[in-house]
Structures are given as structure tokens and as C-alpha cells.
Amino acid sequence: MDKKSKELDLAFPYKRLVEAIGSKPDAYKTTGIPFWDDEHISKSMLSFHLNPDVESASRTFEFMDRSANWILSLLDRREGKILDLGCGPGLYAKRFSDKGFCVTGIDFSRRSIAYAKDNSGGETNEFIYKDYLTIDYDGEFDLSILIYCDFGVLSPENRATLLKKIFRSLKPGGTFVVDVLTTKYDKEFTDSLTVEVEDSGFWCSEPYINIKRIATYPNHDYLEQYTIITSEDSATYNIWNHGFEPLELKEVLLNAGFASVDLYGDAAGANLTDDSKIICAVCRK
């Protein structure tokens, strides 16, 4: 490599760094890096999923026990097929299959899917590594779930696409359960930029700098942006979310074709109040 090429090569990570944090990105712009499938980050994510007392990648095990029981109580049957979107390591799927249901779990993390196949009823459940935006089922499932506020992470266009696919995947009379953040989360997001230096951690096994940006947008859209800098490279991850008003969420779901939508305060059936930070919608086809 000649001197000029070497200089250009060394400058490349810093050019990406300036592009990433030099200006506030347009809403729902991605950097194209699937951090959930990164070899190190996916290991960190799995450890959070499997911690029974921490709400990070998943909710606590105690909540999931109550949530799974409540979700199944919505059905008028004691067996059937469930589509679990963003299934992670299959924590809900295992609870459903223990109650006699057959689950198809979809997730875009190889590590999570591998764990689910080995530990979450893989002998009776089916776990598939893929982007759930690409599902193509037709009237196969009694129930579909999208839990832990994944829906608001998607752009409005991808939300509409996914809802059409979910609606089509359900049998007549089928049920879809989804939870989202409410606008009460506005108080949790304040525009800021912070820098942390780590010897190793969630994002990388070697020393790194973490530049974290929190950015708010009109209409209750939020960005958590992480730019990770090591001695040799940099990578930026944009994590979006949206805070829904109850009537807004209900309208989106009814417009997708669902015949009815009932709203709750969480995915275990709590009452929805003016102070709820979560809305859970139960939709009937």
C-alpha cells in the first residue's frame, strides 16, 4: 500500500464518524449495520435476554409469566398456532408451547435463534432466522404477537407493510397483540450528546469510545444513536422509536383491516390510564 492509499485508508473511519454525528439524521434513517447480529453485541444482548430480573432486551421473567398467561386467556381455545415476531431466544415461545401451543418464532439474530432452537421448545416450535418484514404467511395463525415495543422502532412505511403481512397471516377471527411506547415517554428523551470510554463492554470486547446522541423529532419520534470508536474502526447505530397516542394507535390498526382494537396499559392486561407509558393493543381480524 503506497503512502497516499494508507492515508486515505486511515481517514476512512473518521470520515464515517463525521458523517454520523456531524448532523442530526433525518427521521428513521438507518446506517445499514445490523447490530443485533454482530458477533459480540448479540452475545451481550442474549445475556440481557436471559437475566430474569433485568428489563433490557426482554422484560423480567415474572412479567413474562403473567403476560403469556394473559395473552393466552384472550383466545377461545387451548391449542393452536402462534406467530412470535422478534422472538429473541424464544422466552415467550417456550411459555406458549408449555401450554400446548405451537409457535413459529422469527428473529434477525442468529445467536438468539440458535439459543431458541436448543432451549425454547425447538422440538415442537419452529424458529427462523429472517427479517420479519419479509414474512409471507396466509391464514395460518390463531395469534400473532409483536412484544416489547418493536413496532415503534420501524419507520411508518415499514409499520404499514408489516401490519398488512400480519393481518394476512392470521386465520379469520385471529388475534394480534402488540405493545408500543406512549407519548409519556417524551420526558425520558432529552436532546443530548455524551461520551464514554470503556475498556470493554456491551458494544465491543476491546477498548472503545461510545458517543451517545439522544435526539427528539416532531410527532413524538425519538433517536438513540451510538457511535462506537475503536483503535481501528468506527460504527454508528441508529435506534428509533415513536410514542403513540391511544387514538393514533387504534386508527393505524383499524386502517390495517382489523375489525376491533382494545387497548390496555401493558402486555399483561393492566388498565390503560392517562399516565400509562405503554399501550398494548389486542386486535381481532
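The values are calculated or read from the model by the stated rules, or taken from the named source; none is laboratory data. Quick caveat: nothing in here was measured; it's all calculated off a predicted structure. Because the Cβ atoms are built from the backbone with ideal geometry, glycine has one as well, and the counts that use them run over all protein chains shown.
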State whether one or more residues within region 64-79 are buried (at least 20 other Cβ atoms within 10 Å of the Cβ), polar (S, T, N, Q) and part of a loop (DSSP other than H, G, I, E, B). no
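Taking region 238-265 on its own, how many of its residues are free of Cβ contacts under 8 Å to residues at least 40 places away in the same chain, touching a helix residue (DSSP H, G or I) at 6+ places or on another chain (Cβ under 6 Å) and within 16 Å of Asn158 (Cα to Cα)? Don't jump to the end; show me each part of the working.
First pass over region 238-265, keeping only residues free of Cβ contacts under 8 Å to residues at least 40 places away in the same chain: 247-248, 250-251, 254-255, 259-265.
Right, trim to touching a helix residue (DSSP H, G or I) at 6+ places or on another chain (Cβ under 6 Å) and you get 261, 263.
Then drop every residue that is not within 16 Å of Asn158 (Cα to Cα), which leaves none.
Qualifying residue count for the region: 0.
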Which of the residues spanning region 20-36 are at pLDDT 80 or above, over 14 Å from Tyr217 (Cα atoms) and either surrounded by fewer than 17 Cβ atoms within 10 Å (Cβ to Cβ) or polar (S, T, N, Q) (or both)? Thr30, Thr31, Gly32, Ile33, Pro34
Kindly indicate the residue of region 80-122 that is within 25 Å of His40 (Cβ to Cβ) and of a type in the set (Asp, Glu) and also surrounded by the fewest Cβ atoms within 10 Å (Cβ to Cβ) among those meeting that condition. Asp118
Scan region 173-208 residue by residue and report those that are of a type in the set (Val, Ile, Thr) and more than 10 Å from Lys277 (Cα to Cα). Thr175, Val177, Val178, Thr190, Thr194, Val195, Val197
Which condition breaks for Ala259 when tested against (1) under 22 Å from the mean Cα position of the chain (by Cα); (2) modelled with pLDDT of 95 or more? (1)
Could you grab the pairs with beta carbons closer than 7 Å, sequence gap of 6+ or different chains, first residue in region 57-68 and without any contact (Cβ under 8 Å) to a residue 12 or more places away in the chain, second one of a type in the set (Ser, Thr, Tyr) and surrounded by 15 or more Cβ atoms within 10 Å (Cβ to Cβ)? none
Listed residues Leu17, Leu46; which is under 20 Å from Asp131 (Cβ atoms) and either of a type in the set (A, V, I, L, M, F, W, C) or modelled with pLDDT under 85 (or both)? Leu46
Gly80 fails exactly one of the following numbered conditions: (1) under 22 Å from Thr227 (Cα atoms); (2) modelled with pLDDT of 90 or more; (3) not basic (Lys, Arg). What is the number of that condition? (1)
Take the conditions in contact with a helix residue (DSSP H, G or I) (Cβ under 9 Å, 6 or more places away or on another chain), charged (D, E, K, R), in a helix (DSSP H, G or I) and free of Cβ contacts under 8 Å to residues at least 40 places away in the same chain and apply them to Lys165. Does it pass? yes
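Does region 32-58 hold any residues that are in a loop (DSSP other than H, G, I, E, B) and out of contact with any helix residue (DSSP H, G or I) (no Cβ under 7 Å at 6 or more places or on another chain), and which are they?
Gly32, Ile33, Pro34, Asp38, Leu50, Asn51, Asp53, Glu55
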Any chance Glu62 is under 25 Å from Gly152 (Cα atoms), at pLDDT below 85 and of a type in the set (Asp, Glu): no
